[in-house]
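Inspection log for the structure reproduced underneath, given as structure tokens.
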Amino acid sequence: MKSILRYASGAVVVLTLAACAAPGPQPGEVEIRRGVVEQITPVQIQSNHHQGVGAVVGGLAGLGIGSLIGGGTGRDVAMVLGAVGGALAGNEVQKKHDQPLAGQQIMVRTTSGVLVAVTQPVGPSLRVGQRVYIEGNGDGARVVAQ
């Protein structure tokens with residue numbers, strides 16, 4: 001009886017270790033699913049730039065340039081004016097680059113019957129009824145033609 005229990009407990013340990021050793025997703029691997037485009041809806045994709053970065057970078061650049069001008073009190077004034085002017089200019093430059101992008105929400109029916117929605121920049125080669133691949137998942141997913 002003891003030998004049967006030893007073999008049984010040994011088998012449980014071996015099976016548990018084998019299950020833990022099963023390989024999971026490896027770095028660089030991308031999940032790919034097949035499907036057919038059911039619907040494409042135009043959307044606006046918001047910029048992912050961080051707010052205020054332009055003002056900070058511009059202010060630091062202006063401060064650096066202002067420190068090169070004059071000496072003593074005049075240099076201090078030039079540094080303050082350079083920082084303020086640089087911050088204003090950097091903020092305006094960032095506003096121009098923060099415009100929403102034209103995008104599309106693509107509804108894809110996978111071969112397993114699941115409906116998946118992916119939002120991505122406009123891809124002119126996609127149309128309703130087309131067979132496609134969904135590469136990746138979550139925010140990193142994108143739809144590409146087969």
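Neighbours of GLY62 by Cβ distance under 14 Å: Lys/Arg scored +1, Asp/Glu scored -1, total -1. Averaging 1/r over each pair of different alpha-carbon atoms in region 56-146 and inverting the result gives 17.0 Å, the Kirkwood hydrodynamic radius. Placing a pseudo-label 7 Å from each Cα along the Cα-to-Cβ vector at THR119 and VAL43 gives an inter-label distance of 0.4 nm.
No lab work stands behind these numbers, since they all come straight from the coordinates. Treat the numbers as computed from the prediction; the structure is a model and nothing was measured. As a convention, Cβ positions derive from the backbone with ideal geometry for all residues, glycine included, and neighbour counts pool all protein chains shown.
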